[in-house]
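Below: one structure, written as structure tokens.
The values are calculated or read from the model by the stated rules, or taken from the named source; none is laboratory data. Owing to the predicted nature of the structure, the values given are computational and were not obtained by experimental measurement. In this analysis, Cβ positions are derived from the backbone assuming ideal geometry, glycine residues included, and neighbour counts consider all displayed protein chains.
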Amino acid sequence: MALIVWTNDFQVGVDKLDADHIMIFSLINHIDEAHLTGSDEKAIGRILQVLIERAFAHFQREEMLMKKHDYPDFEAHAAEHQKIIEELESLYEAYQDKPSADVSREIVEMLSAWLEEHVLETDMRYRPYLSENRS
Ligand SMILES: [Fe+2]
Ligand SMILES: [Fe+2]
């Protein structure tokens with residue numbers, strides 16, 4: 001079973017941001033599957049690098065849009081991103097020093113659990129401010 005499954009419950013109503021979330025979820029599941037099938041850690045490391053780049057680029061995109069729309073809770077939201085960026089950076093550094101399935105698994109499991117909560121709770125709050133399909 002996939003580690004994290006995107007459903008309409010995760011829809012924030014901004015196409016680009018929804019597309020980012022779907023892409024990030026799918027990279028997480030791809031790595032999870034690679035672990036389950038015993039893939040070479042070098043191959044996993046390449047996907048992991050893409051996942052981290054995509055996640056950081058997504059946070060930036062989201063923050064730019066929140067600023068553009070004068071989202072009132074911008075500071076607290078950006079602080080949540082900053083915290084996970086720091087956690088990911090330190091784990092990813094450890095991984096780069098010594099790539100291992102244990103650390104890559106820890107990274108995707110941590111990011112997956114964090115994202116599920118962050119998208120459903122924190123991202124969802126900007127929906128009325130940023131959504132293209134306000135109803
Ligand atoms: Fe966010
Ligand atoms: Fe997000």
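For (1) surrounded by 14 or more Cβ atoms within 10 Å (Cβ to Cβ); (2) more than 11 Å from the chain's Cα centre (by Cα); (3) assigned to a helix (DSSP H, G or I); (4) touching a residue at least 40 places away in the same chain (Cβ under 8 Å), each residue gets a yes or a no:
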| site | (1), (2), (3), (4) |
| --- | --- |
| 60 | no, yes, yes, no |
| 80 | yes, yes, yes, yes |
| 88 | yes, no, yes, no |
| 102 | no, yes, yes, no |
| 105 | yes, yes, yes, yes |
| 119 | yes, no, yes, yes |
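Could you tell me whether segment 97-110 includes any residue that is at pLDDT 95 or above, out of contact with any Lys or Arg (no Cβ under 8 Å at 6 or more places or on another chain) and within 14 Å of ligand 2 (Cβ to nearest atom)?
Applying the first criterion (at pLDDT 95 or above) to segment 97-110 yields 97-110.
Among the residues that remain, those that are also out of contact with any Lys or Arg (no Cβ under 8 Å at 6 or more places or on another chain) are: 97-98, 100-110.
After this cut, where a residue has to be within 14 Å of ligand 2 (Cβ to nearest atom) as well, the list is none.
No - not one qualifying residue is present in segment 97-110.
Please verify whether segment 35-56 includes one or more residues that are in contact with a Lys or Arg (Cβ under 8 Å, 6 or more places away or on another chain) and in a helix (DSSP H, G or I). Looking through segment 35-56, at least one residue is in contact with a Lys or Arg (Cβ under 8 Å, 6 or more places away or on another chain) and in a helix (DSSP H, G or I).
Consider segment 22-58 and keep the residues that are out of contact with any helix residue (DSSP H, G or I) (no Cβ under 9 Å at 6 or more places or on another chain) and of a type in the set (Lys, Arg). The one that is surrounded by the fewest Cβ atoms within 10 Å (Cβ to Cβ) is 42. Could you look through segment 1-33, keep only residues that are assigned to a loop (DSSP other than H, G, I, E, B) and among the polar types (S, T, N, Q), and pick out the one that is farthest from residue 109 (Cα to Cα)? Only one residue tops the list, namely 11.
Among the residues making up segment 34-54, a single one is touching a His at 6+ places or on another chain (Cβ under 8 Å) and free of Cβ contacts under 8 Å to residues at least 40 places away in the same chain: 47. Is it true that some residue in segment 67-74 is over 20 Å from residue 15 (Cα atoms) and within 11 Å of ligand 1 (Cβ to nearest atom)? The answer is yes, given that some residue of segment 67-74 is over 20 Å from residue 15 (Cα atoms) and within 11 Å of ligand 1 (Cβ to nearest atom). For residue 130, the requirement of being closer than 18 Å to residue 20 by Cα, at pLDDT 95 or above and within 15 Å of ligand 2 (Cβ to nearest atom) is not met.
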